[in-house]
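Okay, so here's the structure we're looking at.
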Amino acid sequence: MKGHFGKFGGRYVPEMLIPALEELEVAFNSALKDKSFVQEFEYYLKNFAGRPTPLVFAENLTRQLGGAKIYLKNEGLNHTGAHKITHCIGQTLIAKRMGKTRLIAETGAGQHGLATATVAAKFGFSCTVYMGEVDMVRQRPNVFLMEQLGAKVVSVSFGNKTLKDAVNAALKDYIENVSTTHYILGSVVGPHPYPTMNAYFQSIVGKEVKKQLRDDTCYLPDYVIACVGGGSNAIGIFSSFLKDLSVKLIGVEAGGKGQKIGQHARRFKGGSVGVVEGYKSYFLQNKDGQIEKTHSIAAGLDYAGIGPQLANLRDQKRVEFVSVTDKEVISAVQTLARTEGIIPALESAHAVAYAIKLAPQLSQEKTIVVNISGRGDKDLFILVEQLHDKEFYRFLESYIKKGI
């Protein structure tokens, strides 16, 4: 069935949104058949986003762990610091074809909002980004950058004041302004055609990895690991390996700080199938279908749902899902920084943390590819708090006393 992955996916939205989603679907399908669109997309990926991103052999980390060889797909070297710029470029080019003049987006970690604000400035769109009040506090650097790019950042103060609520606010805006506005949904979630469209744009990640490995080693990896919130970076790197059954695909969810509801964001341990925000998938919800509170040290992973394609791949046992704790994530950030000179985003550090646990259990002939979906600049204040860096606090206090 169109727009479905097994029993997941679909288009469960108010009737007034159906024409807009159908218009988007037609525009997307038409663009894929247009060589000039594909060439334009590839041009901006290379000359604006900075693709291809490097695949780095983590020689020091591999030696320290004493097991499988670890490769890092460093998506943090994209313009704006994460994989998000890729589908933002793609969707903006679609919006231009449809004659839209305004872009809106939701964001949690701020990377998608930053990428949206960036492409809006580049291609001449006005821009509004919705962000939960809680996430605005813990990702303040990205809020500042979005505003400097000309975007209006709207604080969402209802619900849990995080990503789920930012999505709801963006959907409301989309309904009210659909004639002029394109909603750049930030992951492989939401109503059809968003999961299919963003998976297509992000598939460049897996294609690059496959080519880079072939050029370097001439063989497939044994494991590919990615963090999973909504799932755009995960399906992006997994997509090229889905038919290679010898490659084990592992998605890492947010284990947070405990086992109770509200202490983690593990959709496959405690979640159930439901329909939320326009699509069917696994969600952390109560028996009445109301979304439960979630938690992750990484703002981009505390989303209560997961992309429908990933939900289907999990039920088909093609992708295995695991989780790591906040403490393991902080440790992974420090380990990767001190062995490889790379400070990953807290989201990406979930994948690193699991790779650190897995690699020593495997032989040295095995290969692991880890998707470093973003860099850690945005997490400065969270890291300072978690690492109890008193010198940094004193530095901030000195600035406050100066009135700066």
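Consider V228 against the criteria (1) touching an Asp or Glu at 6+ places or on another chain (Cβ under 9 Å); (2) under 19 Å from F41 (Cβ atoms): it satisfies all of them except one. Which criterion is unmet?
Unmet for V228, out of (1) touching an Asp or Glu at 6+ places or on another chain (Cβ under 9 Å); (2) under 19 Å from F41 (Cβ atoms): (2).
Within the stretch 1-67, considering only helices (runs of 4 or more DSSP H) that don't extend past its boundaries, which have at least 1 residues that are more than 30 Å from D222 (Cβ to Cβ)?
18-32, 35-44
(1) under 21 Å from the mean Cα position of the chain (by Cα); (2) part of a strand (DSSP E or B); (3) not hydrophobic (A, V, I, L, M, F, W, C): which one isn't true of G274, the others all being true?
Here G274 meets the rest and fails (1).
Output the number of residues of the stretch 1-46 satisfying the condition of being touching a Leu at 6+ places or on another chain (Cβ under 8 Å) and among the acidic types (D, E).
Within the stretch 1-46, residues that are touching a Leu at 6+ places or on another chain (Cβ under 8 Å) and among the acidic types (D, E) number 1.
Mind checking whether some residue in the stretch 291-312 is on the phi > 0 side of the Ramachandran plot, outside the structural domain of F158 (by TED's automatic domain parsing), over 19 Å from the mean Cα position of the chain (by Cα) and in a loop (DSSP other than H, G, I, E, B)?
Within the stretch 291-312 (the criterion being on the phi > 0 side of the Ramachandran plot, outside the structural domain of F158 (by TED's automatic domain parsing), over 19 Å from the mean Cα position of the chain (by Cα) and in a loop (DSSP other than H, G, I, E, B)), the answer is no, since none of the residues qualifies.
Just name the residue that is surrounded by the most Cβ atoms within 10 Å (Cβ to Cβ) out of those in the stretch 283-293 that are modelled with pLDDT of 95 or more and within 18 Å of G108 (Cβ to Cβ).
The selected residue is L284.
If we keep just the residues of the stretch 115-171 that are aromatic (F, W, Y) and more than 21 Å from K100 (Cα to Cα), which is modelled with the lowest pLDDT?
Looking at residues that are aromatic (F, W, Y) and more than 21 Å from K100 (Cα to Cα), I get F158.
Quick test for you: out of L55, L21, pick the one residue that is aliphatic (A, V, I, L, M), in contact with a strand residue (DSSP E or B) (Cβ under 7 Å, 6 or more places away or on another chain) and modelled with pLDDT of 95 or more.
Answer to the selection: L55.
For a quick check of your reading of the model, give me the residue pairs whose first member lies in the stretch 169-194 and is more than 14 Å from E22 (Cα to Cα), whose second is basic (K, R), with beta-carbon atoms closer than 6 Å and at least 6 apart or on different chains.
T180/R102; T181/R102
On the given criteria, is K122 surrounded by fewer than 19 Cβ atoms within 10 Å (Cβ to Cβ) and in contact (Cβ under 8 Å) with a residue 40 or more places away in the chain?
Taking the combined requirement at face value, the residue satisfies it.
In the stretch 227-244, which residues are more than 14 Å from Q309 (Cα to Cα), in a loop (DSSP other than H, G, I, E, B) and either in the same structural domain as E22 (by TED's automatic domain parsing) or in contact (Cβ under 8 Å) with a residue 24 or more places away in the chain (or both)?
Residue satisfying the conditions is D244 alone.
Does V247 fit the bill of being buried (at least 17 other Cβ atoms within 10 Å of the Cβ), out of contact with any Leu (no Cβ under 7 Å at 6 or more places or on another chain) and more than 25 Å from N142 (Cα to Cα)?
no
Among residues belonging to the stretch 315-341 that are among the aliphatic types (A, V, I, L, M), surrounded by fewer than 21 Cβ atoms within 10 Å (Cβ to Cβ) and in contact (Cβ under 8 Å) with a residue 40 or more places away in the chain, point out the one that is farthest from I382 (Cα to Cα).
The qualifying residue farthest from I382 (Cα to Cα) is V322.
Just one of the numbered conditions (1) at pLDDT below 95; (2) on the phi > 0 side of the Ramachandran plot is not true of P14; which one?
The single condition P14 does not satisfy is (2).
Between Q263, Q212, which is closer than 16 Å to V324 by Cα and out of contact with any helix residue (DSSP H, G or I) (no Cβ under 9 Å at 6 or more places or on another chain)?
From the options Q263, Q212, the qualifying one is Q263.
Output the qualifying pairs, or none if there are none: Cβ atoms under 6 angstrom, residues six or more apart or on different chains, first residue in the stretch 264-283 and on the phi > 0 side of the Ramachandran plot, second residue at pLDDT below 95 and of a type outside the set (G, A, S).
As it stands, the answer is E277/V167; G278/V13, since those pairs meet every condition given.
The values are calculated or read from the model by the stated rules, or taken from the named source; none is laboratory data. None of these values were measured; they are calculated from a predicted model. No Cβ is skipped: glycine too gets one built from the backbone with ideal geometry, and neighbour counts run over all protein chains shown.
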